[in-house]
Amino acid sequence: MKKIWIIHSSDYGNSEKIAKQLAEGLKDIYDVSVDHIKNITPEQVANDEPYGLIAAIRILQFSSDRKVRKFLKNLNESLKKPISKFAYFSTHALKWKKFFIRGIKKTVKKVGCFEEVCPEYLEVRLQGAEGPFREGEEAKVKEYLITLRTFLQ
């Protein structure tokens with residue numbers, strides 16, 4: 001089975017919840033590991049030589065999560081070979097997303113260790129900084145899972 005890592009830096013459990021839902025939806029065809037970036041190192045992920053990586057990237061203080069961006073940069077330095085597939089999702093309580101999209105695309109391009117980046121990403125809006133999800137957002141996770149399964153093939 002191909003290895004997929006899903007990483008997050010959830011403070012209130014929202015990103016972690018989505019990560020676990022995605023893992024549950026992929027585990028029938030992939031060996032999936034989910035963890036908080038404070039519990040793992042880029043070297044541990046690199047040593048698994050994953051086929052795919054999915055990152056939860058929270059929007060904090062009008063910027064994409066710096067801890068995850070740093071993790072991705074360090075991962076690039078630890079890899080023996082590029083990761084075939086990369087996808088990401090975000091959680092936030094804001095109405096805009098333009099700067100987030102630009103920032104994460106810039107980071108992914110700069111890191112350069114992914115052969116293919118999923119052209120679609122999941123954006124889940126929260127009722128407040130601590131959550132919960134806004135009404136109707138839960139259904140978006142299920143839709144994104146279909147996109148991921150197709151992309152990861």
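The values are calculated or read from the model by the stated rules, or taken from the named source; none is laboratory data. On a predicted model such as this, the values are computed, not experimentally measured, just so you know. Glycine gets a Cβ as well: all are built from the backbone with ideal geometry, and neighbour counts include every protein chain shown. To get the accessible areas, we keep the full protein, side chains included, count just its heavy atoms, and leave off ligands, DNA and RNA. Shrake-Rupley method; radii C 1.70, N 1.55, O 1.52, S 1.80 Å.
Which aspartates and glutamates have a Cα lying under 17 Å from the Cα of Lys67, excluding residues fewer than 8 positions away in the same chain?
Within the straight-line limit of under 17 Å, Lys67 reaches these aspartates and glutamates: Asp11, Glu16, Asp35, Glu43, Glu77.
Quick check: from the Cα gyration tensor, does region 6-118 come out rounded (a/c under 1.5), prolate or oblate?
Verdict is oblate for region 6-118.
Under the rule of at least 5 residues apart or a separate chain, name every residue whose amide H is placed under 5 Å from the amide H of Val124.
Ser90, Thr91, His92
Would region 1-43 count as rounded, prolate or oblate if I go by the C-alpha gyration tensor, calling it rounded below 1.5 in a/c and otherwise prolate when a/b exceeds b/c, oblate otherwise?
Details: a/c = 4.14, a/b = 1.31, b/c = 3.16.
Taking the square roots of the gyration eigenvalues as a ≥ b ≥ c, region 1-43 is oblate.
Taking only DSSP H segments of four or more residues, each worth -39500 (n - 2.57), what value at 222 nm results for the chain once the sum is divided by all its residues, to the nearest 500 deg cm²/dmol?
-12500 deg cm²/dmol
List every residue whose amide H lies under 5 Å from the amide H of Leu53, counting only residues 5 or more places away in sequence or on a different chain, with H placed 1.01 Å from N in the peptide plane.
Trp5, Lys85, Phe86, Ala87
If you place +1 on the Cβ of every Lys and Arg, -1 on the Cβ of every Asp and Glu, and leave all else neutral, what size is the dipole of the chain about its Cα centre, to the nearest 20 Debye?
Once rounded to the nearest 20, the dipole reads 720 debye.
Hey, which lysines would be in cross-link range of Lys27, C-alpha to C-alpha under 20 Å, not counting anything within fewer than 8 residues on its own chain?
By straight Cα distance, Lys27 reaches Lys2, Lys3, Lys17, Lys85, Lys140, Lys142.
Could you work out the relative contact order of the chain? I mean the mean sequence separation of Cα pairs under 8 Å and 6+ apart, divided by the number of residues, in percent.
Relative contact order for the chain comes out at 24 percent.
Does region 108-150 come out rounded, prolate or oblate by the C-alpha gyration tensor, with a ≥ b ≥ c the root eigenvalues, rounded set by a/c under 1.5 and, if not, prolate when a/b is larger than b/c and oblate if not?
Cα axes put region 108-150 in the oblate bin.
Would you list Tyr144, Tyr121, Tyr12 from the most to the least accessible area, probe 1.4 Å?
Tyr12, Tyr121, Tyr144
Once Lys and Arg get +1 and Asp and Glu get -1 on their Cβ, which of Tyr144, Ala19, Phe89 lies farthest toward the positive end of the dipole of the chain?
So the residue we want is Phe89.
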